[in-house]
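Peer 1: I have a structure here, written as structure tokens, and I will follow up with some questions on it.
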Amino acid sequence: MKVAVISGSPRKKGNTQLIMKYVVKYAETKNVDVKFVNLSEGQVECYRGSDEGYNEATKTAANDLMDADVWLVGTPIYNSFFSSALKNLFEYLDYKKTRGKVAGITIMAAGNIGFIDVQTLITQLLSYFQIITNPQAVFITTESISEEEFSDENAKEKLRNMVDKTLEIASKLQK
């Protein structure tokens, strides 16, 4: 099974990146092929249309998602919405080729407000691509991060459960 872990924050030292790196490490223990699409690396170009030429990093990120069976998506909340960098990445995808993929969602925020709204927006976007979404999203606040380290054991357990459940859904669908 192929898994794409997406860190949807464009910030170089973003908290979302820290938690999604933890997801990558955990997913790698599950006997799956893991690709990490880290939007903080700033190499995915702004979408300009399907007839345009794009750099290799952009093509690779889009191909990693299209090739994956499972997406583990992490995004921060910016102005009551998921990141525009994440939305930009989705512009490269062909909705005709994403049907039946499975996604898990992790949302990072400064406080306990807006999680359900952003979960709904991401789920609607994934639904457009006919992606089956694990209904148990993980909500994490910046309180789980201290001195640029992700140390909240309760949050880590929620992430592990999200990964396990998402992989379980995908494996049941592949049978």
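The values are calculated or read from the model by the stated rules, or taken from the named source; none is laboratory data. Keep in mind that this is a model prediction, so the values were computed, not measured. Every residue, glycine as well, gets a Cβ built from its backbone with ideal geometry; the counts of neighbours run over all protein chains shown.
Peer 1: If you go through region 140-156 one residue at a time, do you hit one that is within 21 Å of residue 64 (Cα to Cα) and either modelled with pLDDT under 95 or in a strand (DSSP E or B) (or both)?
Peer 2: Going through region 140-156, the residues within 21 Å of residue 64 (Cα to Cα) turn out to be none.
Among the residues of region 140-156, not one is within 21 Å of residue 64 (Cα to Cα) and either modelled with pLDDT under 95 or in a strand (DSSP E or B) (or both), which makes the answer no.
Peer 1: State all residues of region 8-47 that are part of a helix (DSSP H, G or I), over 27 Å from residue 174 (Cβ atoms) and of a type in the set (D, E, K, R); if no residue qualifies, say none.
Peer 2: 41
Peer 1: If a residue has to be in contact with a helix residue (DSSP H, G or I) (Cβ under 8 Å, 6 or more places away or on another chain) and either without any contact (Cβ under 8 Å) to a residue 12 or more places away in the chain or in a helix (DSSP H, G or I) (or both) to count, how many in region 55-87 make the cut?
Peer 2: The total comes to 9.
Peer 1: Does region 66-87 include one or more residues that are surrounded by fewer than 13 Cβ atoms within 10 Å (Cβ to Cβ), modelled with pLDDT under 95 and closer than 23 Å to residue 1 by Cβ?
Peer 2: There is no residue in region 66-87 that is surrounded by fewer than 13 Cβ atoms within 10 Å (Cβ to Cβ), modelled with pLDDT under 95 and closer than 23 Å to residue 1 by Cβ.
Peer 1: While we're here: Among the residues of region 88-113, what is the count of those that are without any contact (Cβ under 8 Å) to a residue 40 or more places away in the chain and either hydroxyl-bearing (Ser, Thr, Tyr) or in a helix (DSSP H, G or I) (or both)?
Peer 2: Matching residues across region 88-113 total 5.
Peer 1: Does residue 161 count as within 23 Å of residue 3 (Cβ to Cβ) and in a helix (DSSP H, G or I)? Spell out the reasoning first.
Peer 2: Working: within 23 Å of residue 3 (Cβ to Cβ): yes; in a helix (DSSP H, G or I): yes.
Yes, satisfied.
Peer 1: Give region 136-170 a look and list any residue that's touching a Leu at 6+ places or on another chain (Cβ under 7 Å) and free of Cβ contacts under 8 Å to residues at least 60 places away in the same chain, or say none.
Peer 2: Hit for region 136-170 is 138, nothing else.
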